[in-house]
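A.B. asks: Shown below is the structure under consideration.
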């Protein structure tokens, strides 16, 4: 399978100081990968670099076919059309309905045909199980429903990779499990890879995938989830 994310000897700065150094990450098409680590260690900084909000200060990087080293400001919208992004706090526009939220994103990413836009909006809402909420306002939805809508939004442009930043962080345990099962199912259905930053080690163990850990300003692969005591070790970090 081809790589949808490939970073070699990468370095990411924020506020003039290196947050991550010597980053080597390769994620293939349709892989499900967790990104774990303490708060403030650089998980969100890596995701921001992948969707063009932060630059790659050193090394080489490619995401969804885009060269991060050659990325210009005018290229960022094109990059983001090939990436789905899911946030912990949903980030839905509160002044418009679910449908209008999705239409806004499609309009901003180059869609023109209103009929095609509505058709795609209905498709992704059906895929995540909230098609009945198409005309609802975000404030009328539960947290789980809002996150389902944000997953639908991330799928609109049939992305090669979804970047999920603590997608279950604001949800209760039962709803978190629903969202995890949904993410895994839609990734398979839409043939997209997922990189999910999370603190929720229960989900990491219950829904296995590759695990990358951020610590000491770099990223390493974790291969010990199935060994005795590994969960408690990971949770401590």
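A.B. asks: Tell me, yes or no, whether the stretch 101-111 has at least one residue that is in a loop (DSSP other than H, G, I, E, B) and touching a residue at least 12 places away in the same chain (Cβ under 8 Å).
C.D. replies: Keep residues of the stretch 101-111 that are in a loop (DSSP other than H, G, I, E, B), which gives 109-111.
Narrowing further to those that are touching a residue at least 12 places away in the same chain (Cβ under 8 Å): 109-110.
Within the stretch 101-111, one or more residues are in a loop (DSSP other than H, G, I, E, B) and touching a residue at least 12 places away in the same chain (Cβ under 8 Å).
A.B. asks: Name the one entry in 50, 71 that is surrounded by 15 or more Cβ atoms within 10 Å (Cβ to Cβ) and either more than 30 Å from residue 144 (Cβ to Cβ) or over 19 Å from the mean Cα position of the chain (by Cα) (or both).
C.D. replies: On inspection, the qualifying residue turns out to be 71.
A.B. asks: Return only the number of the condition from (1) surrounded by 15 or more Cβ atoms within 10 Å (Cβ to Cβ); (2) modelled with pLDDT of 95 or more that residue 26 does not satisfy.
C.D. replies: (1)
A.B. asks: Can you tell me which of (1) more than 30 Å from residue 213 (Cβ to Cβ); (2) in a helix (DSSP H, G or I); (3) in contact (Cβ under 8 Å) with a residue 12 or more places away in the chain is the one residue 148 doesn't meet?
C.D. replies: (1)
A.B. asks: Among the numbered criteria (1) in a loop (DSSP other than H, G, I, E, B); (2) touching a residue at least 60 places away in the same chain (Cβ under 8 Å); (3) surrounded by 17 or more Cβ atoms within 10 Å (Cβ to Cβ), which one does residue 84 miss?
C.D. replies: The one condition residue 84 does not meet is (1).
A.B. asks: Residue by residue through the stretch 88-98, note down the ones that are surrounded by fewer than 18 Cβ atoms within 10 Å (Cβ to Cβ) and either at negative phi or touching a strand residue (DSSP E or B) at 6+ places or on another chain (Cβ under 6 Å) (or both).
C.D. replies: Initially, the stretch 88-98 is screened for residues surrounded by fewer than 18 Cβ atoms within 10 Å (Cβ to Cβ), giving 89, 91, 93-97.
Of everything in the stretch 88-98, those that are surrounded by fewer than 18 Cβ atoms within 10 Å (Cβ to Cβ) and either at negative phi or touching a strand residue (DSSP E or B) at 6+ places or on another chain (Cβ under 6 Å) (or both) turn out to be 89, 93, 94, 95, 96, 97.
A.B. asks: Of everything in the stretch 178-198, what is surrounded by fewer than 17 Cβ atoms within 10 Å (Cβ to Cβ) and farther than 14 Å from residue 151 by Cα? Give them in sequence order.
C.D. replies: 191
A.B. asks: May I pose another question? Any chance the stretch 157-176 includes a residue that's assigned to a helix (DSSP H, G or I) and within 20 Å of residue 4 (Cβ to Cβ)?
C.D. replies: no
A.B. asks: Then there's this: Does the stretch 27-66 hold any residues that are under 22 Å from residue 203 (Cα atoms) and free of Cβ contacts under 8 Å to residues at least 24 places away in the same chain, and which are they?
C.D. replies: Once the filter is applied, which keeps residues that are under 22 Å from residue 203 (Cα atoms) and free of Cβ contacts under 8 Å to residues at least 24 places away in the same chain, the stretch 27-66 yields only 40.
A.B. asks: Quick check on the stretch 214-227. Is at least one of its residues at pLDDT 90 or above and surrounded by 18 or more Cβ atoms within 10 Å (Cβ to Cβ)?
C.D. replies: yes
The values are calculated or read from the model by the stated rules, or taken from the named source; none is laboratory data. Not measured: the values here are computed from a predicted model. Here Cβ is always computed from backbone atoms with ideal geometry, including for glycine, and neighbour counts include all displayed protein chains.
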